[in-house]
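Q: Would you mind keeping the following structure in view while I ask a few things?
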Amino acid sequence: MGATALAEAIAAGRTSASSVMEAVLDTQEAQARRGTLVRLLPRAELLAQADGPASFFGVPMLGKDIGSAARGLAPGAGSPVAGMSA
């Protein structure tokens, strides 16, 4: 399902942002050994944010951490070490 259709399904109440986020996080955890994502915010924090207002309300999106920091996260340039605190 595309992002627009997913946003419409959430807006219409056919699914919830929290259930979509749960599915995304479950999929990511199952595929973690591939190393596709260097780091995620804690699961509880992501689920708490899932129901907040946004342009594509409830549609999970990924962002590259190359460049400026996003919401207090230091850019890691794709390295699990670069984003770690001392």
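Please treat every number below as a calculation from the coordinates, not as lab data. This one's a predicted model, so the numbers in the text were calculated from it and none came from an experiment. Cβ atoms come from the backbone with ideal geometry, glycine included; neighbour counts cover every protein chain shown.
Q: Anything in the stretch 1-47 that is assigned to a loop (DSSP other than H, G, I, E, B) and more than 15 Å from MET61 (Cβ to Cβ)? List them, or say none.
A: ALA12, GLY13, ARG14, THR15, SER16, GLN31, GLY35, VAL38, ARG39, PRO42
Q: Considering only the stretch 32-53, state which residues are among the aliphatic types (A, V, I, L, M) and within 12 Å of GLU22 (Cα to Cα).
A: Matches in the stretch 32-53: ALA44, LEU46, LEU47, ALA48, ALA50.
Q: OK, next. Residues being out of contact with any helix residue (DSSP H, G or I) (no Cβ under 9 Å at 6 or more places or on another chain) and loosely packed, with under 11 Cβ neighbours inside 10 Å: count how many of those fall in the stretch 6-25.
A: 2
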